[in-house]
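Following this message is one structure expressed as structure tokens.
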Amino acid sequence: KNFYTVTFNTLYLNALFIISSMLVSILIAIALSEVSGKWFKKITQSVVILPHFISWTVVALLCEALLKTNNGFINNILATLGFERINFYQNADVWPALLTFLKVWQGAGYGSIVYLATITGLDQEMYEAARVDGAGRFQLMRYITLPELMPTYFVMLMLSVANFLNNGMDQYFVFQNAFNKAHIQVLDLYVYNIGMTGSSLSLATAISMLKSLISVTLLMAVNRISKKIRGVSLV
């Protein structure tokens, strides 16, 4: 029963992370490519990439300062406005959305580097020809930039799918408690919990081996899909 629950959590949360992070990364890359000021562009790019280097322990402490029931920043604002305080740490339903937001905040800026590099390498003559034909900024983004980003997006998506079961453990470990554990415990955290407690070291080893086997199978599958659709092999 626990294995099915944590497997569902792994697939559900990873799907949320992949879809939202990649879409936001593309939007950030397009927005940065449209910034004309050189110094402003560099500063903005540094700001959006910086969260990637912040430890999840620090993120957890920041969230505690924001979400704490008695003296958290958000609950203080709610109390000032006359609303009831919300106990976020005992409300398990908010954690999938909250973890998705935190994952996007931390990783989308760093993930935008690949797309920004793709945009930088695009043939500028296409943009010049489109401007001559009367295309505006949004038309350039819609009809040139986005279509040209699709091959890169497809490759990144397939690599993410091949790594679908590997959510990592840090972001879940620092936020888990008795109330939200059933909603955010993924396979990596499950293996850690049953392995470190010594309750079933053999089961933890078996799950880790199964994860590796499934990951290799998924990688081979998406590699075949890539070869069939795009004519390019990933491995």
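Computed from the coordinates by the stated procedures, all read-outs in this text should not be read as laboratory data. Computed from a predicted structure; not experimentally measured. Cβ coordinates were reconstructed from backbone atoms using ideal geometry, including for glycine residues, and neighbour counts include every protein chain displayed.
Using square roots of five times the C-alpha gyration tensor eigenvalues, list the equivalent-ellipsoid semi-axes of the chain in whole Å, biggest first.
37, 28, 13
If you don't mind, there's one more thing I want to ask. Stretch GLN124-ILE214 to full length: gain in nm at 0.36 nm per residue minus the Cα-Cα span?
28.2 nm
Which angle between 0 and 90 degrees, to the nearest 10, do you get for helix 187-196 versus the longest principal axis of the chain when only C-alpha atoms count?
Once rounded, one gets 30 degrees.
Please compute the length gained on full extension between ALA31 and THR69, using 0.36 nm multiplied by the number of residues separating them and subtracting their Cα-Cα distance. Write out the running numbers ahead of the final one.
Details: separation 38, 0.36 × 38 = 13.68 nm, distance 3.63 nm.
The span from ALA31 to THR69 would gain 10.1 nm if fully extended.
Relative to the first principal axis of the alpha-carbon coordinates of the chain, what is the inclination of helix 201-229, with its axis defined by its Cα atoms, in degrees from 0 to 90 and to the nearest 10?
20 degrees
For the stretch 130-197, what class follows from the C-alpha gyration tensor (a ≥ b ≥ c being the square roots of its eigenvalues): rounded when a/c is under 1.5, otherwise prolate if a/b is larger than b/c, else oblate?
The shape class here is prolate.
Counting just the Cα atoms, what span does the stretch 169-229 cover along each of its three principal axes? Round to the nearest Å and put the largest first.
On the principal axes, the stretch 169-229 reaches 46, 25, 16 Å in Cα extent.
Something else about it: Tell me the mean residue ellipticity at 222 nm calculated for the chain from its helices only (DSSP H runs of n ≥ 4, each -39500 (n - 2.57), averaged over every residue, nearest 500).
-23000 deg cm²/dmol
List the relative contact order of the chain as a percent without decimals, with contacts defined as Cα pairs under 8 Å and 6+ residues apart.
27 percent
Say a paramagnetic label sat at a point 7 Å from the Cα of ARG137, along Cα to Cβ; which residues of the stretch 7-35 have their backbone N under 13 Å from it?
30-35, by backbone N distance to the label point.
To the nearest 10 degrees, how steep is helix 2-34 against the longest Cα principal axis of the chain, on a 0 to 90 scale?
Taking Cα atoms only, the helix is inclined about 30 degrees.
Top mean-square fluctuation among LYS181, LYS38, LYS103, Gaussian network model of the chain, C-alpha springs under 10 Å?
Judging by the Gaussian network model, the answer is LYS38.
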